[in-house]
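Written below as structure tokens is the structure these notes are about.
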Amino acid sequence: MRAITLLLAAALCCGGAKALVPHEINYQGYLTNPGGTPVNATVPMVLNLYNVATGGVALYTETQSVAVTNGVFKLLIGSVTPLPLPFDVPYYLGIMVGTDPEMTPRQAVAASPYAIRSANAEVATK
């Protein structure tokens, strides 16, 4: 009986909890050296977000140490430095690896399922 009471009390305390939308952007890529050989190393990457496809000034910058295996890497933008951008305009991702210049072209940041759901909820409340 005591176990059931504790379980019920725990359920009531946590009943109002809601899942939060992640404030990070998943990014995956494939990295090779200039000769085309896949990289196998941990490398520093600087991630910049811009509101223009070329030129401009980075609105957000984050540096991460990224493990690359057989050229494949994955990271979460915003996991080191919180993302302060409102994401109400198109953004573009520029990446620098080590001391190399930023890669081109910049990648357009696309919507995630959470953003699509959020847009639906915004329309429903108007």
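Residues 25, 77, sorted by accessible area with the largest first, give 25, 77 [1.4 Å probe; ligands and nucleic acids excluded]. Cα gyration tensor of the range 45-100, axes a ≥ b ≥ c as square roots of the eigenvalues: rounded (a/c below 1.5), prolate (a/b > b/c) or oblate? Note, shape of the range 45-100 comes out prolate.
Taking every protein chain into account, the 1.4 Å probe leaves residue 81 with about 50 Å² of accessible area, to the nearest ten. Sorted largest first by accessible area at a 1.4 angstrom probe radius, with every protein chain in place, the residues 45, 96 fall in the order 96, 45.
The values are calculated or read from the model by the stated rules, or taken from the named source; none is laboratory data. The structure displayed is predicted, hence computed values, not measured ones. Please note that ligands, DNA and RNA were not included when accessible areas were found on the heavy atoms of the full protein model with its side chains. Shrake-Rupley method; radii C 1.70, N 1.55, O 1.52, S 1.80 Å.
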